[in-house]
Amino acid sequence: MNFLTALKRAIFGRPIATSRAHHERLPKIFGLPVFASDAISSVAYATEEVLLVLMLAGTAGTSKVTYFAIAIAVLIGVVVFSYVRTIYAYPKGGGGYRVTSDNLGSKAGRVAGAALLIDYVLTVAVSVSSGVLAIVSAFPALHEHTVLLGLCAIALMMFINMRGARESGLVFAVPTYLFITLLLVLIVKGLFMAAGGEGMPTAHPGTMEPIQGHVLGIWLVLRAFSAGCTALTGIEAIADGAGAFRPPEAKNASMTLMMLGGILSILFVGVSWMTSHFGIVPMEVGSEGYKTVVAQLAEGAFGIGPMFYTIQIATMAILILAANTAYADFPRLCSFIANDSYLPRQLANLGDRLVYQNGIVLLSICAGLLIWVFHGDTHSLIPLYAVGVFTSFTLSQSGMVVRQLRRKSRLWNVALSVIGAVVTGGVMIVILITKFEAGAYLVTIAVGMLLLFFYGVRRHYDSLARQLSVSPDDKIPHIETTVLLLVPRIHKGILNAIAYAQNLGPDVRAVHISINPESREQFKHEWLHFAPQIPLVVLDSQFRSLVEPLMDYIDEAVGEDPGKFLTVIVPQAVPKRWWQGILHNNSALPIKLALASRRNVVITNVRYFLE
């Protein structure tokens, strides 16, 4: 085992055999935190997003937040039951991409896939930024390090997920269930305070006047409703990753999804009711003493003490770990799309820990770039966030309508999918219109660019398949080869390379690139002593380059007979210790890189291992 392999195993763990893949499947107790942390975490900011819109209408708007929460909870129920049908139809996973591709066609499927991929990247960026914001609420001195904290959180998430799905489930279970428990305790405390007629010192005093030109009309209602629908983001993740659950996959995944729907609805309605009842409104980000809505509720219920800080830390943890939903699904979705030849095939390969490691790294890079570009500002990222997921919702629900009509399913199943498609489609349109200038147009552009990338990748693979395909009439061609042995100087490794070259064919030439004219004659003399039977070609390098004169000579040799192959033997001494390689010129590497683009040129590396 070399040093790099040992280091990799120390960091990410020992490889897991394919035969043990079923042991890496998730039970329901771990499936909920792995796949549902994104949806559950939205409780930390969904109410705040609704209030930010309703504040435009003053107290008349903010006092109605509970009704919006109840309406969204009903929609959650519709979407959950619709996705339960999706899980039973596609128990191996694939979710929106597979449903849309199978029932609405490949083009619609690619749109759903592109929208979901972008949504997962935004999920990581929004979740991590929100988590960092929660901890900044408790420790304001950290505000200037927001971006750095976000990037560190992404690096930690990448590391945990590279170790495997089962280990990530163990890590994420405690913070997820702790957040759920603490929010339930907060809501119960709020109920007791309301029953006792108590108020909160953090509440907004008096009545807020509407901002000029704004009333609680139909357009503001639609904007607030669409803002609150961020609570639905992440619901699709369980359907997308159903294949990661223990058998029976469909039953376990659907039960987990229904548990998620219940927990999410209770927490969202509970937090929204508390803000309405106690008069809590969002503070301006960056203002002195800034606290999120959940932080204000925690302070009002428990004061600044251990419970307040515990809730803030749990909120930070669930928001950051919500990114794990994307880490669980983004690589899996990439593998589905890559298997259909619309993404590079490396993304379809399982790593030695039975996770799609290339997808995990790609997701981390993309999310890190977003946090850096938007300076970790959650409110700047959220307008981008919801467009992709509701595009996928709409296409997936529409696909299920088509599937159920084809299979003549029960009317109420079709009705649920129709309602889900219509409502999620309406929300998508409202989000696009209301948040277009705030950045939603960027998602539209990104989806378009990703679709073009899909097309380019598929076109390449189709061209590759055409060029590599064989027919029964094809014959194995007869190929002649000329062997060029590169000889920097005479040593024992070169003697082995000479013996190897002579076994490849009769046409063997030695090539020496002379940088120092004074040593040229000495080298010729040594060569005649050891290998007089092999012609020696000496190339002068006036500018001390090894690559350019060699490439000119090879191009000339190939031009002599374009149908002939040229085998270039590159001898290389391999030191015993990895660090000793730093002490060598490593001139073989630039030569091999330059030769890689030459047609009809075969590169052979003859290595001599040093003791």
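Set the Förster distance to 35 Å, then compute FRET efficiency between residue 475 and residue 537 from the Cβ-Cβ distance, nearest 0.05.
Numbers: r = 34 Å, r/R0 = 0.98.
Efficiency, from the Cβ-Cβ distance: 0.55.
Given +1 on the Cβ of Lys and Arg, -1 on the Cβ of Asp and Glu, and no further charges, what dipole in debye does the chain carry about its Cα centre, rounded to the nearest 20?
Numbers: 45 positive and 37 negative charges, 392 e Å.
Dipole magnitude for the chain comes out near 1880 debye.
Using each residue's phi in region 176-182, evaluate 6.51 cos²θ - 1.76 cosθ + 1.60 at θ = phi - 60° and report the 3J(HN,Hα) Karplus result to the nearest Hz, with x for Gly and Pro.
Values per residue, Gly and Pro as x: 5, 5, 5, 4, 4, 5, 5 Hz.
Quick one: which residues, 5 or more positions from residue 602 or on another chain, have an amide H under 5 Å from its amide H? H modelled 1.01 Å from N in the peptide plane, none for Pro or chain starts.
566, 567, 568
Would you pull out the residues with amide H under 5 Å of residue 608's amide H, same chain only if 5 or more places away, H placed 1.01 Å from N?
Residues meeting the amide H criterion: 572, 573, 574.
Need one number: nm distance between label points at residue 181 and residue 152, each 7 Å from Cα along Cα→Cβ, rounded to one decimal.
Using points 7 Å along Cα→Cβ, the separation is 2.7 nm.
Determine ³J(HN,Hα), in whole Hz, for all residues of region 492-500 in sequence, where each value follows from phi through the Karplus function 6.51 cos²θ - 1.76 cosθ + 1.60 and θ = phi - 60°; x replaces Gly and Pro.
Running phi through 6.51 cos²θ - 1.76 cosθ + 1.60 with θ = phi - 60° gives 4, x, 5, 4, 4, 5, 4, 4, 5 Hz.
Return the FRET efficiency for the residue pair residue 139, residue 586: r is the Cβ-Cβ distance, R0 is 41 Å, and the value is rounded to the nearest 0.05. Mind dumping the intermediate values first?
Values: r = 48 Å, r/R0 = 1.17.
For residue 139 and residue 586, the calculated efficiency is 0.30.
Could you tell me the center-to-center distance, by alpha carbons, between region 534-609 and region 67-97 in angstrom?
With region 534-609 and region 67-97 each reduced to a Cα centre, they are spaced 59 Å.
Assuming 0.36 nm per residue, please report the length gained on full extension of the stretch residue 377 to residue 607 beyond their Cα-Cα distance. Please list the in-between numbers first.
On the way: separation 230, 0.36 × 230 = 82.80 nm, distance 5.30 nm.
Full-extension gain reported as 77.5 nm.
I'd like the FRET efficiency for residue 74 and residue 463, computed as 1/(1 + (r/R0)^6) with the beta carbon distance as r and R0 of 41 Å, rounded to 0.05. Working shown, then result.
Values: r = 50 Å, r/R0 = 1.22.
Step by step, r from the Cβ atoms, then E = 0.25.
Tell me which label goes with the value of Cα extents along the principal axes in Å computed from the coordinates here: (i) 114, 48, 45; (ii) 105, 60, 49; (iii) 125, 52, 46.
Derived directly from the coordinates: (ii).
How large is the helix-only mean residue ellipticity at 222 nm for the chain, computed as the sum of -39500 (n - 2.57) over DSSP H runs with n ≥ 4, divided by its residue count, in deg cm²/dmol to the nearest 500?
On the way: 23 runs with 384 residues, N = 611.
Taking each H run of at least 4 residues, the total per residue is -21000 deg cm²/dmol.
Work from the charge dipole of the chain (Cβ charges, +1 for Lys and Arg, -1 for Asp and Glu, about the Cα centre) and give the residue of 88, 351, 330 farthest towards its positive end.
88
Would you mind calculating the gained length between residue 495 and residue 284 on full extension (0.36 nm times residue separation, minus the Cα-Cα distance), in nm to one decimal? Intermediate values should be presented prior to the final figure.
Working: separation 211, 0.36 × 211 = 75.96 nm, distance 7.52 nm.
Length gained, residue 495 through residue 284: 68.4 nm.
Long-range amide H contacts for residue 539: which residues qualify at under 5 Å (H placed 1.01 Å from N, peptide plane, sequence gap of 5 or more or a different chain)?
512, 513, 514
Using a cut-off of 12 Å between beta-carbons, work out the net charge of the residues near residue 443 (Lys and Arg +1, Asp and Glu -1, residue 443 not included). Let's see the in-between values first.
Details: positive: 435; negative: 119.
Computed value for this residue: 0.
Counting Lys and Arg as +1 and Asp and Glu as -1, each charge on the Cβ, what is the dipole of region 481-609 about the Cα centre in debye, to the nearest 20? List each step's numbers first, then the result.
Numbers: 13 positive and 11 negative charges, 141 e Å.
Roughly 680 debye, rounded to the nearest 20.
All other residues with a Cβ under 12 Å from the Cβ of residue 38 taken together, and with Lys, Arg as +1 and Asp, Glu as -1, what is their net charge?
Values: positive: none; negative: 119, 236, 240, 329.
Residues near residue 38 contribute -4 overall.
What shape does region 481-609 take by its C-alpha gyration tensor, where a ≥ b ≥ c are the square roots of the eigenvalues and a/c under 1.5 counts as rounded, a/b above b/c as prolate, and the rest as oblate? Show your work: numbers first, answer last.
Numbers: a/c = 1.28, a/b = 1.18, b/c = 1.08.
Taking the square roots of the gyration eigenvalues as a ≥ b ≥ c, region 481-609 is rounded.
So for each of 440-450, 29-39, 176-186, 529-539 I average, over its residues, the number of other beta carbons within 10 Å; can you give me the resulting order with the highest mean first? Intermediate results must be reported in sequence, preceding the final value.
On the way: 440-450: 16.6, 29-39: 26.4, 176-186: 19.4, 529-539: 13.3.
Most protected by this proxy first, the peptides run 29-39, 176-186, 440-450, 529-539.
Charges at C-beta only: +1 for Lys and Arg, -1 for Asp and Glu. How large is the resulting dipole of region 229-301 about its Cα centre, in Debye rounded to 20?
Numbers: 3 positive and 6 negative charges, 58 e Å.
Dipole size: approximately 280 debye.
According to the square roots a ≥ b ≥ c of the eigenvalues of the Cα gyration tensor, what is the shape class of region 24-110, taking rounded for a/c under 1.5, prolate for a/b larger than b/c otherwise, and oblate for the remainder?
Prolate.
Checking the table 92/251; 524/564; 28/189; 92/408; 524/592; 492/592 against a 19 Å threshold on Cα-Cα, which pairs fail?
On the way: 92/251 12 Å; 524/564 28 Å; 28/189 29 Å; 92/408 23 Å; 524/592 25 Å; 492/592 21 Å.
In this structure, 524/564; 28/189; 92/408; 524/592; 492/592 exceed 19 Å between Cα atoms.
Tell me which of 388, 174, 419 sits at the most positive position along the dipole axis of region 36-461, charges placed on C-beta atoms (Lys, Arg +1; Asp, Glu -1).
419
Values in this text are rule-based calculations from the coordinates and carry no lab data. Note that the coordinates shown come from a computational prediction; the quantities given were computed from them, not determined experimentally. Don't worry about glycine lacking a Cβ; one is built from the backbone with ideal geometry, like all the others, and counts go over all protein chains shown.
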